[in-house]
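The values are calculated or read from the model by the stated rules, or taken from the named source; none is laboratory data. The shown structure was predicted, so the numbers you read here are calculated from the model rather than taken from an experiment. Neighbour counts run over all protein chains shown; Cβ positions are idealised from the backbone, glycine included. Ligands, DNA and RNA are excluded from the accessible area calculation, which covers all protein heavy atoms including side chains. Shrake-Rupley method; radii C 1.70, N 1.55, O 1.52, S 1.80 Å.
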Amino acid sequence: MLAVVERERSCLGRSSPYTADMPARQMMMEPSGGERRVVVVPKKPLQSSVNQQKLECQEPPLQEPKKGAGRRRVRGKGKGGSSAQTMAQSHVEHIGLDVVAPPVSTKGIGFQRRPGFGVVGTKCIVKANHFLAELPDKDLNHYDVTITPEVASRTMNRAIMAELVRLYRETELGMRLPAYDGRKSLYTAGVLPFTSKEFVVKITEEDDGLGVNREKEYRVAIKFVARADLHHLRQFIAGKQADAPQETLQVLDIVLRELSSKRYISIGRSFYSADIRKPQRLGDGLQSWCGFYQSIRPTQMGLSLNIDMSSTAFIEPLPVIEFVAQILGKDVLSRPLSDANRIKIKKALRGVKVEVTHRGSVRRKYRISGLTSQPTRELIFPVDDQMNMKSVVEYFKEMYGFTIQHSHLPCLQVGNQKKANYLPMEACKIVEGQRYTKRLNEKQITSLLKVTCQRPRDQEMDILQTVQQNGYDQDPYAKEFGINITDKLTSVEARVLPPPWLKYHDTGREKECLPQVGQWNMMNKKVINGCKVNNWACINFSRSVQETTARGFCQELAQMCQISGMEFNHEPVIPIYATRPEQVEKALKHVYNAAMHKLRGKELELLLAILPDNNGSLYGDLKRICETDLGLISQCCLTKHVFKISKQYLANVSLKINVKMGGRNAVLLDAISRRIPLVSDKPTIIFGADVTHPEKGEDSSPSIAAVVASQDWPEVTKYAGLVCAQAHRQELIQDLFKTWHDPQRGVVSGGMIRELLLSFQKATGQKPQRIIFYRDGVSEGQFYQVLLYELDAIRKACASLEPNYQPPVTFVVVQKRHHTRLFANNHKDRSSTDRSGNILPGTVVDSKICHPTEFDFYLCSHAGIQGTSRPAHYHVLWDENNFTADEMQTLTNNLCYTYARCTRSVSVVPPAYYAHLAAFRARFYMQPEIAETPTSKTTRTINGCSVKPLPALKEKVKKVMFYC
């Protein structure tokens, strides 16, 4: 996990939906080298039957052509970068998509229009952290900015522009107060007195390496570009135009961020300060800073300013000696550093900015480039051109009267390697306001989560306080541009959907169950389809668990499985095998072979594994070997649970074992009685898909895609899963459909969708006649690319089974990484909240704060446990099944009660949740990098990127919910 709890960034690139270099709807792409350009063009509105229209390849104009321009270009690259664009492009030609009614997007394709509003459920009022923004009636003008010499730092650019405005506002700028994005764009309310002008600005700046202040001259050229069109924005909000005018939204966003950019530290779309709330220590020299997220969004009620609380990790502004002591422990400072500790400190301090403290009021700042290999007392350096040498200790004593106390510690190296400057650690303090960008350890993550975990009432108060502190009514930039922001949370009409009835086995005392406030239990119930476990074994990797304890635990677990409705043999095939974690591969193969030998050809069905509480790589190694090498289903249990045998824990583990072994825990009563609209009437398959990306800093690791699909109908509860590795930070799922040439068979089709469709057919005896596809982890800027590419892959996978086989598809994006929060209208009314003070599970909102025209809704399907619940945001991008709002919302909410691992409704629809679990599991399949010969054939190339494939899942594992 990165050091940002709010997780505002998308999986690819920046989070801002309104940056100038990122067209939000990049559907028309122009190949180089004279290839034809493909544009997706809608024909007529969708009817009830499937595939009535196709997307045609034509060339309508993208924009007004410039003189002499032979080709028209789309500006910038989308979030996925050039590789994603190329892949989307290469598949556009083959798509046959059905298109929805106007207004039609100028980008060639419109997302699904809202089919109406939902009415099912108990009506209530909730408050949302959206603040209504009144649109200005002034002209908004865009100017291009060129600063010479070029500056990489946005902060420096802002300083230059601030000085320019200070010098010239009352003269050349005609009293205008411009808003600046820190890069190339400047915006004004009304025109400047010129169309193009160059200014000279002098700035005093500090050299990070030498700590010297220097005055530098910059030339700033400002040139008129265009007038932002507020009419189009009003038309879009009114539902009369399909495309959001991104440029206009960007202007308004920059205007409202301008003042905060000057007051606070800006990171992504959030602002942080040590003054918003007292920083809390996270350990190892880090502290959490509180801040707020801010974004302007077009909604049904008009323009909305979305404000949410946020926290992230900063380096604590400590004396460097104290920082080192926090990382290594106090006693370490009394003796010279070991090589290992020196490297640890060097990594922690490299790139960190410090200021000197040994020169009174002179607090020069430097950036650390390294650490000396020798202790300070051994360091000497030339003091003049004659190479006369002096020790660092002597120099500091003579020059500054500063006696170095910790001369056994190394010095900080600042500046470049050619002319290294030495600074004693004890003479330096870390400069405040430096964000920590590396990975947090478990203890720091726990501490950060404690800080960010706020009860709903407290979070609501903090948001309101933030809005008041920001003082938008007094903001000179908001005033200049005529933007008014209300200081009240938006009241929204919501509905609480009823929970679904669940069906359990008829032999239990309770055959049916109606969950209460998003939860229930297994008392007096038996799983609807219990699995049989005759042949199992157990490995004990924990030194502290004695054999008798392990045996007792296994007996209790076997008994709980039987109580829950499974057939579970009380005795293992072979005695419990005790071993050490470092022997994991040898032990697994020994137990597997010993069991298979004793079973004489029968399968070893299940492996129980007792792990130490802190087990490092053991868990991942065990799962990789079992699932990709031995074809063995495993269930791991931590030592703490083995000693403290709780009935609740055993019940939860038994639920996991049942689905891993191919059973079902519960099903929707409406599924059994064939009453689910657009699912029960004909064979329907529900997919879930997700891509997980490596953490920041892991520049070479692949991204991992996972797709799961229901394998039973009408129950839709069993989900088989497939995983694949793909190019680093690639969001489009590459292996949904693929073809390759086989010397014997010719062109062969494959891919995850095709394989899951075939396994559905094998399990149910029929091909799916309807597809519902829940796609997780896609940000707004990627909607078009993902829809085009992945819908195309679904189409091709279907056609590869049978030429005219094209079942209707509904494609829904699931988003959790957004900043909309819903609060109870009255926190004192216990009937309108759950026990944690959050809104009730089943609360759905599809009006006011949702998209002006498209089919989206917020659904809080789970009961809160601690903190403020985050509703899931569902956006139906494509719908050939013609779901009504009620049908889609009810289906999604009801599915949330079918999650196999617990007796609670969950916060995201289970297929998306399962895909996330499967992708996370597959990270363990990537073996540590070992040196390979240049002729190694273990990698494949996708779009110029070399990706090492994951080891294949064994057939037995693929068919069951191994990832649970």
**Request:** Give me the aspartates and glutamates in straight-line cross-link reach of Lys762: C-alpha distance below 19 Å, same-chain residues under 8 apart excluded.
**Result:** Asp712, Glu715, Glu802, Glu955
**Message:** Just to confirm the filter: which GluC sites (Glu not before Pro) across the stretch 116-167 are DSSP coil and have at most 15 other Cβ within 10 angstrom of their Cβ?
**Reply:** Glu150
**Message:** With Kirkwood's inverse mean 1/r over C-alpha pairs for Rh, give me the Rg to Rh ratio of the stretch 318-441, two decimals please.
**Reply:** 0.95
**Asked** Using a 1.4 angstrom probe and counting only protein chains, how large is the accessible area of Ser491 in Å², to 10?
**Response** 60
**Message:** Defining a contact as two alpha carbons under 8 Å apart and six or more residues distant in sequence, what relative contact order in percent does the stretch 215-308 show?
**Reply:** 20
**Prompt:** What list of whole percents do you get for P(r) of the stretch 687-795, with Cα-Cα distances grouped in 5 Å bins up to the one holding the largest distance?
**Reply:** 2, 11, 19, 21, 18, 14, 9, 4, 1, 0
**Request:** Please report, as a whole percent, how much of the solvent-accessible surface of the chain comes from carbon and sulfur atoms (probe radius 1.4 Å).
**Result:** 49
**Fill in**
Note on the stretch 421-554: the mean projected area of its alpha-carbon convex hull, in nm², is 21.8
**Complete:** With -39,500 (n - 2.57) per DSSP H segment of 4 or more residues and division by the full residue count of the chain, the 222 nm estimate, nearest 500 deg cm²/dmol, is -7500 deg cm²/dmol
**Request:** Leaving ligands, DNA and RNA out of it, rank Asp275, Asp308, Asp384 by accessible area with a 1.4 Å probe, largest first.
**Result:** Asp275, Asp384, Asp308
**Request:** Over every pair of different alpha-carbon atoms in the stretch 868-920, take the mean of 1/r and invert it; report that Kirkwood radius in Å.
**Result:** 12.4
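At 1.4 Å probe radius, can you tell me the per residue accessible area of the chain in Å²? Before the final figure, lay out each step's value.
Details: 42010 Å² over 964 residues.
Ligands and nucleic acids excluded, the figure is 44 Å² per residue.
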**Asked** Probe 1.4 Å, all protein chains in place: accessible area of Lys959 in Å², nearest 10?
**Response** 140
**Request:** Enumerate by residue number the trypsin sites (Lys or Arg not before Pro) in the stretch 722-788 meeting two conditions: DSSP loop (anything except H, G, I, E, B), and at most 11 other Cβ atoms within 10 Å of the site's Cβ.
**Result:** Arg745
**Asked** Quick one: of the DSSP bridges fully inside the chain, what percent are antiparallel, nearest 5?
**Response** 85
**Complete:** Check: C-alpha center the stretch 446-472 vs C-alpha center the stretch 376-396, spacing in Å is 53
**Request:** Calculate, axis by axis, the spread of Cα positions in the stretch 633-735 along the three principal axes, and write the results as whole Å, longest axis first.
**Result:** 50, 47, 20
**Asp144 versus Gln468: modelled label distance in nm, points set 7 Å from Cα along the beta carbon direction** = 4.6
**Prompt:** For the stretch 566-654, what class follows from the C-alpha gyration tensor (a ≥ b ≥ c being the square roots of its eigenvalues): rounded when a/c is under 1.5, otherwise prolate if a/b is larger than b/c, else oblate?
**Reply:** oblate
**Prompt:** With a sphere of radius 9 Å drawn around the Cβ of Gly721, what net charge do the other residues whose Cβ falls strictly inside it have (Lys, Arg +1; Asp, Glu -1)?
**Reply:** +2
**Request:** Please list Lys127, Lys640 in order of solvent-accessible area, largest first, computed with a 1.4 Å probe with all protein chains present.
**Result:** Lys640, Lys127
**Prompt:** Over the Cα atoms of the stretch 493-572, what Rg and Dmax result, in angstrom?
**Reply:** 17.8, 59
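Give Lys589/Lys656; Lys278/Lys696; Lys656/Lys956 a once-over and call out the pairs whose C-alpha atoms are over 22 Å from each other.
In this structure, Lys589/Lys656; Lys278/Lys696 exceed 22 Å between Cα atoms.
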**Request:** Please give every one of the lysines within straight-line cross-link reach of Lys223, meaning a C-alpha to C-alpha distance under 18 Å, and leave out same-chain neighbours fewer than 8 residues apart.
**Result:** Lys184, Lys197
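What percent does the relative contact order of the chain come to when contacts are Cα pairs within less than 8 Å and at least six residues apart?
Worked out over the chain, it gives 15 percent.
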**Message:** Suppose we keep just the alpha-carbon trace of the chain; what are its Rg and Dmax in angstrom?
**Reply:** 30.8, 96
